[in-house]
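The values are calculated or read from the model by the stated rules, or taken from the named source; none is laboratory data. Given the structure is predicted, the values throughout are model-derived calculations rather than measurements. For neighbour counting, all protein chains shown are included, and Cβ atoms are generated from backbone atoms with ideal geometry for every residue, glycine included.
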Amino acid sequence: MKVVILAGGFGTRLSEYTGTIPKPMVPVGGKPILEHIIKIYTKYGHKNFYIALGYRGNIIKNYFNKKKFKDIEIHLIETGINTYTGGRVLRLKKYLKNETFLLTYGDGVSDINIDKLVKFHKKNKKMVTVTAVRPPARFGALEIRGNKVTKFKEKNIVGESWINGGFFVINPEFFKFLKNDRTILERAPLEKVTKIKQLSAFKHPGFWQCMDHKSDKDILDKMIKQKKAIWL
């Protein structure tokens, strides 16, 4: 299966770094997080990557054109500076052709088993499978009755709800829900697929961490330093 990685956003919430480099090139343990994401897939034998470029895409091009990767193909595709997530996927249609493909974001790592994800997708026979993850909890929780706190719950290891963790498997029929560059993948397309009962969730209770803020990057750097980077 071909692997699509969305790497064109502005990464404004990580502005400490993204003023000069795109978010997928922000280093984690000395290597761009994009390289870590690629390794998650290569671990399970996937070798054909399509990186959807946008903001400062030339920096990603310069890095990967100089770096040699054994036995894998990395295609660096310009998908527009201001193109939204769904639009970026649509621009890759001619490369993906009429095939089921894998898709994820360029800012999150996980110890997900890609083989199990693909097997789940095939078994459930839905148009799209999204990986559902437990978000790392950022805040303590309060239970309140009237104006009285009845329970104070300090930060959990993970949050209590499931969220979109990326790591999609998508059948080619999904392209009919992508209209143009202004299409946001997570809005109308996935909402419509949900409505027609063609979206399934692969629940991954294990490790997942996105890199939205500097504190997230610090967590990932620390895990590598302590040799606890379980996504590697």
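Among the residues making up region 27-77, those that are among the hydrophobic types (A, V, I, L, M, F, W, C), closer than 16 Å to residue 101 by Cβ and touching a residue at least 60 places away in the same chain (Cβ under 8 Å) are 37, 40. So for region 6-24 (the condition being assigned to a helix (DSSP H, G or I), buried (at least 19 other Cβ atoms within 10 Å of the Cβ) and either touching a strand residue (DSSP E or B) at 6+ places or on another chain (Cβ under 8 Å) or charged (D, E, K, R) (or both)), does at least one residue qualify? Yes, that holds for at least one residue. What number of residues within region 163-203 satisfy the criterion of being assigned to a helix (DSSP H, G or I) and at positive phi? Qualifying residue count, region 163-203: 0.
In region 8-66, what residues are within 26 Å of residue 230 (Cα to Cα) and aromatic (Phe, Trp, Tyr)? Listed by number, the residues that qualify are 17, 41, 44, 49, 50, 63, 64. The set of residues from region 187-205 being farther than 17 Å from residue 102 by Cβ, of a type in the set (A, V, I, L, M) and surrounded by 14 or more Cβ atoms within 10 Å (Cβ to Cβ) comprises just one member, 188. With respect to being farther than 25 Å from residue 181 by Cβ, of a type in the set (Lys, Arg), assigned to a loop (DSSP other than H, G, I, E, B) and out of contact with any helix residue (DSSP H, G or I) (no Cβ under 7 Å at 6 or more places or on another chain), residue 39 falls outside the description.
Every listed requirement among (1) of a type outside the set (S, T, N, Q); (2) exposed (fewer than 12 other Cβ atoms within 10 Å of the Cβ); (3) part of a loop (DSSP other than H, G, I, E, B) is met by residue 81 save one, (2).
Name the residues in region 1-48 that are hydroxyl-bearing (Ser, Thr, Tyr) and at pLDDT below 95, would you? Residues satisfying the conditions are 12, 15, 17, 18, 20. In region 89-101, the residues that are farther than 21 Å from residue 186 by Cα form Cβ pairs under 6 Å with partners that are surrounded by fewer than 18 Cβ atoms within 10 Å (Cβ to Cβ), at six or more places apart or across chains, as follows: 98/172.
Take residue 51 and decide whether it is in a strand (DSSP E or B), under 19 Å from the mean Cα position of the chain (by Cα) and modelled with pLDDT of 95 or more. For residue 51, the condition - in a strand (DSSP E or B), under 19 Å from the mean Cα position of the chain (by Cα) and modelled with pLDDT of 95 or more - is met. Please tell me if residue 82 is over 23 Å from residue 164 (Cβ atoms), of a type outside the set (Lys, Arg) and modelled with pLDDT of 95 or more. Criteria not met by residue 82. Scanning region 149-183 for residues being surrounded by 14 or more Cβ atoms within 10 Å (Cβ to Cβ), farther than 11 Å from residue 130 by Cα and modelled with pLDDT of 95 or more gives a total of 8.
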